[in-house]
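A.B. asks: Would you mind keeping the following structure in view while I ask a few things?
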Amino acid sequence: MTTFDVRIWGIREHKGKDRKTGKPRSTYRLRWLVAGEEFGESFQTRALAESYRSLLIVAQREGVAFDEASGLPEPMARALRTKSWYQHATEYVDMKWPHASPNHRKGIAETLATVTPALLASDRGVPDDKTMRAALYGYAFNTMARTAGPPPAKLAGAVAWVQANTVNLSALTDAALVRKVLDTLALKMDGTPAEASTVTRKRAVFSNALRYAVELRLLDVHPLSLVSWSAPKKDESVDRAVVANPKQAAALLAEVAKASPELEAFFGCMYYAGLRPEEVLHLTDDEYERPPKEGAWGWLHLSGATVASGRGWNDEADRRCCRTALYAAARFACQIRYGCVAAHHQSYASAYRQHWRRGGPNHHADRCAAAEAVGVTSERAEPRRSRTN
């Protein structure tokens with residue numbers, strides 16, 4: 001809480017003796033009231049006391065609010081309780097963790113592990129990039145890992161070094177430092193430009209972490225408002241040379257049916273209904289509303305998505321995460337042409353889940369990559385309930 005109810009008194013001299021030498025010595029006591037509560041500071045010389053009193057008087061005359069807890073002008077109180085970037089970042093992770101999905105947790109950790117090397121106060125004794133990345137991403141910005149115990153021996157030194165060598169949050173009022181961080185977000189680990197969507201996602205996480213600092217009154221203004229910086233634009237154009245037309249898609253699905261019949265329905269859902277792989281993986285037979293006749297359109301009623309999150313990010317032991325809340329709220333539905341999907345829909349779900357369990361998330365990623373290799377897109381437009389021909 002802050003207040004403008006401030007009264008500053010004069011300086012009072014206290015005469016006494018030095019405890020060690022026994023010689024006479026004076027101290028100077030400054031007292032002031034904030035919202036009816038008395039605060040005070042003692043100084044060795046009158047000049048120091050007068051200087052400190054002048055700071056309080058100037059703040060009072062300029063209309064600066066005083067913090068009721070510390071009795072200091074708000075800027076001085078903020079500097080007193082400032083935190084290092086590392087401390088704030090770990091607290092931000094802990095705040096977001098209970099309500100974030102496993103993949104969102106990974107995204108937060110990835111972003112913070114990217115920006116933290118740009119927010120170091122010193123490079124003396126800095127760990128190598130690979131070790132620092134492992135320490136930040138795998139331990140410091142993973143709430144489950146930190147609460148489980150101390151870091152592994154091979155990462156303990158890097159964690160301790162970063163913890164002691166990041167800048168204070170107050171340093172983020174420097175526009176040049178903020179721009180340096182944003183430029184870091186725009187690059188991959190190998191120094192090449194990152195995709196526009198990746199930069200936008202990471203910038204949003206970084207911005208949210210800074211907004212949390214403003215919310216806690218650790219920063220007066222949002223640092224990104226100090227910098228005129230634009231993220232790279234995403235290319236929304238479609239390259240017709242790499243998009244499969246209906247005839248090509250049908251031929252590709254026919255080849256998939258020969259190699260893995262149970263996967264024809266999987267890729268067919270992706271192509272004809274425009275589903276993401278994780279949405280197809282979550283489908284069950286009772287969510288398929290069959291059409292009245294062959295060649296017509298049926299409906300897929302989407303209830304969620306099964307996402308591979310990996311160990312260490314999911315609250316449960318399973319490496320998979322099922323997202324259902326958004327789908328239940330929106331009641332997604334899309335149309336699907338009768339044909340290859342109807343032929344193998346019942347067998348694909350169980351067979352594909354066996355593939356996934358047998359191979360784990362890497363196998364799942366391989367299957368998604370296979371979809372892209374045969375020209376079937378995994379991107380889907382906004383939720384709709386319309387027929388597509």
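The values are calculated or read from the model by the stated rules, or taken from the named source; none is laboratory data. These numbers come from a predicted model, not from an experiment. Backbone-built Cβ (ideal geometry, glycine too); neighbour counts: all protein chains shown. Just the protein is used for accessible areas: all its heavy atoms, side chains included, with ligands, DNA and RNA removed. Shrake-Rupley method; radii C 1.70, N 1.55, O 1.52, S 1.80 Å.
A.B. asks: Give the residues of region 169-189 that are in contact with a strand residue (DSSP E or B) (Cβ under 8 Å, 6 or more places away or on another chain) and either assigned to a helix (DSSP H, G or I) or charged (D, E, K, R) (or both), sorted by residue number.
C.D. replies: If the condition is that a residue be in contact with a strand residue (DSSP E or B) (Cβ under 8 Å, 6 or more places away or on another chain) and either assigned to a helix (DSSP H, G or I) or charged (D, E, K, R) (or both), then Leu169 is the only one that fits.
A.B. asks: Quickly run through region 276-294 and pick out the residues that are open to solvent by 50 Å² or more (accessible area, probe 1.4 Å), outside any helix (DSSP H, G or I) and free of Cβ contacts under 8 Å to residues at least 60 places away in the same chain.
C.D. replies: Hits for region 276-294 are Glu289, Arg290, Pro292, Lys293, Glu294.
A.B. asks: Mind listing just one residue for me: the one in region 112-168 that is closer than 26 Å to Thr198 by Cα and assigned to a strand (DSSP E or B) and, of those, most open to solvent (accessible area, probe 1.4 Å)?
C.D. replies: The extreme case among them is Leu120.
A.B. asks: Conditions: (1) open to solvent by 10 Å² or more (accessible area, probe 1.4 Å); (2) more than 21 Å from Glu110 (Cα to Cα). Leu219 meets all but one. Number of the miss?
C.D. replies: (1)
A.B. asks: Separate question: Only one of these conditions is not met by Ala109: (1) more than 18 Å from Thr198 (Cα to Cα); (2) under 19 Å from the mean Cα position of the chain (by Cα); (3) open to solvent by less than 40 Å² (accessible area, probe 1.4 Å). Which number is it?
C.D. replies: Condition not satisfied by Ala109: (1).
A.B. asks: In addition: Filter region 1-43 down to the residues that are open to solvent by 100 Å² or more (accessible area, probe 1.4 Å) and farther than 16 Å from Gly71 by Cβ and list them by number.
C.D. replies: Hits for region 1-43 are Arg12, Lys15, Lys17, Arg19, Lys20, Lys23, Pro24, Arg25.
A.B. asks: Further, regarding this structure: So, in region 209-256, exactly how many residues are without any contact (Cβ under 8 Å) to a residue 40 or more places away in the chain, under 30 Å from Thr2 (Cα atoms), outside any loop (DSSP other than H, G, I, E, B) and of a type outside the set (A, V, I, L, M)?
C.D. replies: The qualifying residues number 3.
A.B. asks: Could you list, in sequence order, all residues of region 108-160 that are touching a strand residue (DSSP E or B) at 6+ places or on another chain (Cβ under 8 Å), among the hydrophobic types (A, V, I, L, M, F, W, C) and within 22 Å of Lys188 (Cβ to Cβ)?
C.D. replies: Leu119, Leu120, Val126
A.B. asks: Could I ask something else about it? What are the residues in region 81-91 that are in contact (Cβ under 8 Å) with a residue 60 or more places away in the chain, surrounded by fewer than 22 Cβ atoms within 10 Å (Cβ to Cβ) and touching a helix residue (DSSP H, G or I) at 6+ places or on another chain (Cβ under 7 Å), if any?
C.D. replies: Scanning region 81-91 gives Thr82, Lys83.
A.B. asks: Run down Ala259, Ala273, Ala241 and say which single residue is of a type in the set (A, V, I, L, M, F, W, C) and either under 30 Å from Asp67 (Cα atoms) or surrounded by 11 or more Cβ atoms within 10 Å (Cβ to Cβ) (or both). Spell out how you get there, then give the answer.
C.D. replies: Details: Ala259 fails: either under 30 Å from Asp67 (Cα atoms) or surrounded by 11 or more Cβ atoms within 10 Å (Cβ to Cβ) (or both); Ala241 fails: either under 30 Å from Asp67 (Cα atoms) or surrounded by 11 or more Cβ atoms within 10 Å (Cβ to Cβ) (or both).
The unique qualifying residue is Ala273.
A.B. asks: Among the residues of region 92-111, which ones are part of a helix (DSSP H, G or I) and of a type in the set (Ser, Thr, Tyr)? Give the derivation first.
C.D. replies: Residues of region 92-111 that are part of a helix (DSSP H, G or I), as a first pass: 92-99, 102-111.
Within region 92-111, Tyr92, Thr111 meet the criteria.
A.B. asks: Turning to a different aspect of this structure: Would you confirm, using the coordinates I've provided, whether Val280 is closer than 30 Å to Asp183 by Cα and among the hydrophobic types (A, V, I, L, M, F, W, C)?
C.D. replies: Answer is no for this residue.
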